[in-house]
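**Q** Here you go, one structure.
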Amino acid sequence: MSPPHRVNPQPISLSPRQPKDPTTTKMARSNFSVLTILSVILLLPVLSLSFSPDSPSDRRLLVLFDDLSLKSSHSIFFNSLKSRGFDLDFKLADDPKLALQRYGQYLYDGLILFSPSIERFGGALDLAAVLDFVDSGHDLFIAADSSASDLIKSVATECGVDFDEDPSALVIDHRSYAVVGTEGDHTLIAADDFIESDVLLGENKIEAPVLFKGIAHSLNAANNLVLKVLSASPAAYSANPSSKLSSPPSLTGSSISLVSVVQARNNARIMITGSLDLFSNRFFRSSVQKAGSPKKYDKSGNEQFVAELSKWVFHERGHLKAVNLRHNKAGETDEPAMYRIKDDLDFSVEIYEWSGKSWEPYVANDVQVQFYMMSPYVLKTLSNDKKGLYHTSFKVPDVYGVFQFKVEYNRLGYTSLLLSKQIPVRPFKHNEYERFITAAFPYYGASFTMMAGFFIFSFVYLYHK
């Protein structure tokens, strides 16, 4: 062991401290200001790529691996995202410099977890950070496999999905397995039980089955925001393929979900699957033939399925925005400060959908407006002009108070819309009533009848002997 290096002590000066040169101080302050400005300028391009309601697709995605070889074995999927304008940042899940935000601003708009075996994230990333990321309206992609760690399972559980607790269990199906490439254990599934939704999976039907090899998960019954996009067949079950069943499997049949999605109340979107191979180049290029079917496909439906579903997850489809909420009295154009009971009014709002490149008019016949005070007094379905404008007319109810125009729109696969605008409603002023009110005619009659009766009674009483 070498002796420690000794540092010769410097003599300590007892003389008074000399004042600093003003020129040196100004230069130091100037250098600090320049460094601060440069730091902000370097950070601006990162922050400018963050999610914008006006351009939902210009986004940065953080991809976390537990093995960097996945970058090449799943390159088709990543190249598809890049071709659609996404900026991908690849990192190992245990990178000590991992961080989702800096200076209070999120650096990424989506997180792809292709690291099923990771026990602990690196840097400032942990379970709470991932959940805060989603709670802030950002999107999440989770792909697990038989090596899924407790950390990944915990993230999925918080999102409303429960993976099979048996670490050795895989999805087995003796009826819907893939004939090509099967090893006899029937764990390579040819799944074709898709959700019927054009907004989730696109308008073009997926003809070929999707190859799946991985673990099963079920949906939390208490979470009504989770949807099964790809379900297992009624003959499927989750068990260890290398051992005999000693007890009935906990997950069976169509209760097994192969791919699930979540749209949170803040419109953040999550995709969860138990197969990392689902996104692999090998499965994308593989031919497929479902057991019991004579038809063989030259290419599986994986690439189309993953591409269409990722468009939905990353808001390239099904993303709505509402603008220009207007209301006015019938025949006028200016918005009043308040309405009077029984006024006729016009209401309109514009709704658009992001197509991946631009905002297009959203056309639907189920958008409604409520005229609301504690409960809806008026509920009207809005008409549309096929150009994004929704409108209707109605009469203000004969109730005064503080009302709201409220539009609550929730449709499968679309971002939810919640718009409200407050407006007071006053009663008639005393000089605004009609001179004679029809409803008061019985009271008018009673008054004149009483006067006539009194006159007759007086006449009879005075002149009758």
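**Q** Please report the Cα spread of the chain along all three principal axes, rounded to whole Å, starting with the longest.
**A** For the chain, the Cα spread along each principal axis is 144, 95, 43 Å.
**Q** Over the chain, what is the mean sequence separation of C-alpha contacts under 8 Å (at least six apart), divided by residue count, expressed as relative contact order in percent? Mind dumping the intermediate values first?
**A** Numbers: 878 pairs, mean separation 50.4, N = 465.
After rounding, I find 11 percent.
**Q** As an exercise, use a Förster radius of 56 Å and the Cβ-Cβ distance of Ser246 and Lys357 to find the FRET efficiency, rounded to the nearest 0.05.
**A** Values: r = 55 Å, r/R0 = 0.99.
Step by step, r from the Cβ atoms, then E = 0.50.
**Q** So which GluC sites (Glu not before Pro) in segment 269-346 end up in coil per DSSP with only 14 or fewer other C-beta atoms within 10 Å? Show your work: numbers first, answer last.
**A** Values: sites: Glu303, Glu308, Glu316, Glu332; in loops: Glu316, Glu332.
Answer by residue number: Glu332.
**Q** Could you check the simple spin-label distance between Lys421 and Ser447, using points 7 Å along Cα→Cβ, in nm with one decimal?
**A** Roughly 4.2 nm, to one decimal.
**Q** Tell me the Rg and the Dmax, in Å, that the Cα atoms of segment 319-430 produce.
**A** Calculated on Cα positions, Rg and Dmax stand at 14.9, 57 Å.
**Q** Also, I was wondering about something else. Net charge within 15 Å of Asp162 by Cβ-Cβ distance, Lys/Arg positive one each and Asp/Glu negative one each, not counting Asp162 itself?
**A** Details: positive: Lys153, Lys228; negative: Asp150, Glu158, Asp164, Glu165, Asp166.
Taking every Cβ under 15 Å from that of Asp162, the sum is -3.
**Q** Taking the alpha-carbon distance from Lys71 and a cut-off under 16 Å, which lysines remain once sequence neighbours fewer than 8 residues away in the same chain are dropped?
**A** Lys82, Lys91
**Q** With every protein chain present, what is the per residue accessible area of segment 319-430 (1.4 Å probe, Å²)?
**A** It amounts to 55 Å² per residue over segment 319-430.
**Q** List every DSSP H helix in the chain whose Cα atoms extend 20 Å or more along the helix's own long axis and whose mean Kyte-Doolittle hydropathy is at least -1.0. List each step's numbers first, then the result.
**A** Values: long enough: 22-48 (39 Å, 1.10); 441-463 (33 Å, 1.17).
Qualifying helices, which must be both long enough and hydrophobic enough, are 22-48, 441-463.
**Q** Using alpha carbon centroids, what distance separates segment 54-123 and segment 285-350, in Å?
**A** Here the answer is 27 Å between Cα centres.
**Q** How do Met338, Met451, Met374, Met271 rank by accessible surface area computed with a 1.4 Å probe, from largest to smallest?
**A** Working: Met338 85, Met451 105, Met374 170, Met271 0 Å².
Descending order: Met374, Met451, Met338, Met271.
The values are calculated or read from the model by the stated rules, or taken from the named source; none is laboratory data. Predicted, not measured: the structure shown is a model, and the values here were computed from it. Note that we place each Cβ from the backbone using ideal geometry, even for glycine, and neighbour counts take in every protein chain shown. The protein model used for the area step is the full one, side chains on, heavy atoms only, and it has no ligands, DNA or RNA in it. Shrake-Rupley method; radii C 1.70, N 1.55, O 1.52, S 1.80 Å.
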